[in-house]
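Novice: Attaching a single structure in structure tokens format; questions to follow.
The values are calculated or read from the model by the stated rules, or taken from the named source; none is laboratory data. Being a predicted model, the structure only gives us computed values, none of them experimental. Here the Cβ positions follow ideal geometry from the backbone for every residue, glycine too, while neighbour counts run over all protein chains shown.
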């Protein structure tokens, strides 16, 4: 385990070249001499270990970042530390949670009857409560959401001469209550910069892999606050949820995956301005915020209108807007 000061001036603890599972992380933290009020808890209620197939990425930013993205026509390394990475996070929506629940049930109870399938109540969304699953933002009022394959294709065409980008297991960061597994993406031309890091292979036991156009994420801590316990009824081949009360509610670590696109100085990952606007949404401030300032909804909407003014109607649009004469005239 190593330490560094990040671009916000905070000390980070990290492990190079590995995506550590919680048991491995506990040993690293113990060997380094750190203490943690969350990581070493032993009385955490049972919770699911699903597998999410993620097809979209998000990039959250503040007003200054949004203005720069509009001016540049795309995304660049913010240039505030030595990593030279453009950061994205996984998007896990309600449909992804539903699909993961189905996979988990089929893996746990592969021979369920049709009646047992129909009896099963939805449960996984009850546990998807960490910031990794929230629609709010910790990094600013503005969110760009893109299909993963669109981002990788743009990176390939603009920086890899059309070749497939290289993905590697970069680092595991450990904060007070958060664990971040980082995948680094780079061009073939920059192999030497990242050759010490293992390639991201399709390991069935890994926290995160890339397969068939999506990231497969197997979170080890998806709740943050454990309000519920997962009950597995093996005889009935059912999974149920039990609400915890009093001291049964536990605060624990939570994990997520970050994707860092390596960007050389001055490089911009460009997208059509209309495409940027199409994929832009305004976010409310989430808990455990990192950005210092968030815009109100009214200010954020005005900012977006200023940066992307409504386009004047074309002649065909004007024609379609004309009111037809009343048939009674």
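Novice: Taking residue 263, is it farther than 15 Å from residue 92 by Cα and in contact with a helix residue (DSSP H, G or I) (Cβ under 9 Å, 6 or more places away or on another chain)? First the steps, then the outcome.
Specialist: Numbers: farther than 15 Å from residue 92 by Cα: yes; in contact with a helix residue (DSSP H, G or I) (Cβ under 9 Å, 6 or more places away or on another chain): yes.
When the stated conditions are applied, residue 263 passes them.
Novice: Take the residues of region 152-167 that are surrounded by 14 or more Cβ atoms within 10 Å (Cβ to Cβ) and farther than 21 Å from residue 58 by Cβ: which is modelled with the highest pLDDT?
Specialist: Looking at residues that are surrounded by 14 or more Cβ atoms within 10 Å (Cβ to Cβ) and farther than 21 Å from residue 58 by Cβ, I get 166.
Novice: Quick one: would you say residue 123 is touching a residue at least 40 places away in the same chain (Cβ under 8 Å) and surrounded by 21 or more Cβ atoms within 10 Å (Cβ to Cβ)? Outline the logic, then answer.
Specialist: Numbers: touching a residue at least 40 places away in the same chain (Cβ under 8 Å): yes; surrounded by 21 or more Cβ atoms within 10 Å (Cβ to Cβ): no.
So residue 123 fails the test.
Novice: Could you list, in sequence order, the residues of region 1-32 that are outside any strand (DSSP E or B), in contact with a helix residue (DSSP H, G or I) (Cβ under 9 Å, 6 or more places away or on another chain) and modelled with pLDDT of 95 or more? It would help to see each step written out before you state the result.
Specialist: Taking region 1-32 first, the residues outside any strand (DSSP E or B) are 1, 6-10, 17-32.
Narrowing the set further to residues that are in contact with a helix residue (DSSP H, G or I) (Cβ under 9 Å, 6 or more places away or on another chain) leaves 1, 18, 20.
Answer for region 1-32, where residues must be outside any strand (DSSP E or B), in contact with a helix residue (DSSP H, G or I) (Cβ under 9 Å, 6 or more places away or on another chain) and modelled with pLDDT of 95 or more: 18, 20.
Novice: OK, next. So, in region 149-164, how many residues would count as being closer than 20 Å to residue 84 by Cβ and in contact (Cβ under 8 Å) with a residue 40 or more places away in the chain?
Specialist: Number satisfying all stated conditions: 5.
Novice: Would you be able to say whether some residue in region 247-256 is in contact with a helix residue (DSSP H, G or I) (Cβ under 6 Å, 6 or more places away or on another chain), within 30 Å of residue 197 (Cα to Cα), surrounded by 13 or more Cβ atoms within 10 Å (Cβ to Cβ) and at pLDDT 95 or above? First the steps, then the outcome.
Specialist: Initially, region 247-256 is screened for residues in contact with a helix residue (DSSP H, G or I) (Cβ under 6 Å, 6 or more places away or on another chain), giving 256.
Next, only the ones that are within 30 Å of residue 197 (Cα to Cα) stay: 256.
Now narrow it down to the ones that are surrounded by 13 or more Cβ atoms within 10 Å (Cβ to Cβ): 256.
Within this subset, residues satisfying the condition of being at pLDDT 95 or above are 256.
Yes: one or more hits.
Novice: Checking residue 259 against (1) surrounded by fewer than 17 Cβ atoms within 10 Å (Cβ to Cβ); (2) more than 30 Å from residue 298 (Cβ to Cβ), which single condition isn't satisfied?
Specialist: Only one criterion is unmet by residue 259, namely (1).
Novice: Let me confirm something: among 79, 65, which residue is at pLDDT below 95 and assigned to a loop (DSSP other than H, G, I, E, B)? Before the answer, list the steps.
Specialist: Values: 65 fails: assigned to a loop (DSSP other than H, G, I, E, B).
Only one candidate qualifies: 79.
Novice: Just a yes or no: is a residue in region 226-237 touching a strand residue (DSSP E or B) at 6+ places or on another chain (Cβ under 8 Å) and buried (at least 21 other Cβ atoms within 10 Å of the Cβ)?
Specialist: Scanning region 226-237 turns up at least one residue that is touching a strand residue (DSSP E or B) at 6+ places or on another chain (Cβ under 8 Å) and buried (at least 21 other Cβ atoms within 10 Å of the Cβ).
Novice: Return yes or no: is residue 74 surrounded by 14 or more Cβ atoms within 10 Å (Cβ to Cβ), more than 16 Å from the chain's Cα centre (by Cα), without any contact (Cβ under 8 Å) to a residue 12 or more places away in the chain and under 27 Å from residue 9 (Cα atoms)?
Specialist: no
Novice: I'm trying to understand the selection: among the residues of region 46-55, which are in contact with a helix residue (DSSP H, G or I) (Cβ under 6 Å, 6 or more places away or on another chain) and either at pLDDT below 95 or in a strand (DSSP E or B) (or both)?
Specialist: Answer for region 46-55, where residues must be in contact with a helix residue (DSSP H, G or I) (Cβ under 6 Å, 6 or more places away or on another chain) and either at pLDDT below 95 or in a strand (DSSP E or B) (or both): just 52.
Novice: Continuing with this model, one more query. Having 3 or more residues that are under 21 Å from the mean Cα position of the chain (by Cα) is the bar; report the helices (runs of 4 or more DSSP H) wholly within region 91-133 that clear it. Please lay out each step first, then the result.
Specialist: On the way: elements: 94-108, 114-119, 124-127.
Once the helices (runs of 4 or more DSSP H) in region 91-133 are filtered for at least 3 residues that are under 21 Å from the mean Cα position of the chain (by Cα), what remains is 94-108, 124-127.
Novice: Then there's this: Please determine whether any residue of region 107-116 is buried (at least 20 other Cβ atoms within 10 Å of the Cβ) and either closer than 28 Å to residue 211 by Cα or out of contact with any strand residue (DSSP E or B) (no Cβ under 8 Å at 6 or more places or on another chain) (or both).
Specialist: Checked region 107-116: no residue is buried (at least 20 other Cβ atoms within 10 Å of the Cβ) and either closer than 28 Å to residue 211 by Cα or out of contact with any strand residue (DSSP E or B) (no Cβ under 8 Å at 6 or more places or on another chain) (or both).
Novice: So in region 269-286, with the set limited to residues that are part of a loop (DSSP other than H, G, I, E, B) and modelled with pLDDT under 95, which one is surrounded by the fewest Cβ atoms within 10 Å (Cβ to Cβ)?
Specialist: Out of the qualifying residues, it is 284.
Novice: I'd like to check something: does region 289-302 contain any residue that is loosely packed, with under 14 Cβ neighbours inside 10 Å and under 20 Å from the mean Cα position of the chain (by Cα)?
Specialist: Within region 289-302 (the criterion being loosely packed, with under 14 Cβ neighbours inside 10 Å and under 20 Å from the mean Cα position of the chain (by Cα)), the answer is yes, since at least one residue qualifies.
Novice: Moving to a separate point now. Would you confirm whether any residue within region 210-225 is on the phi > 0 side of the Ramachandran plot, surrounded by 13 or more Cβ atoms within 10 Å (Cβ to Cβ) and in contact with a helix residue (DSSP H, G or I) (Cβ under 9 Å, 6 or more places away or on another chain)?
Specialist: yes
Novice: Considering only residues that are over 12 Å from residue 62 (Cα atoms), part of a loop (DSSP other than H, G, I, E, B) and without any contact (Cβ under 8 Å) to a residue 40 or more places away in the chain, which ones fall in region 287-310?
Specialist: Within region 287-310, 309, 310 meet the criteria.
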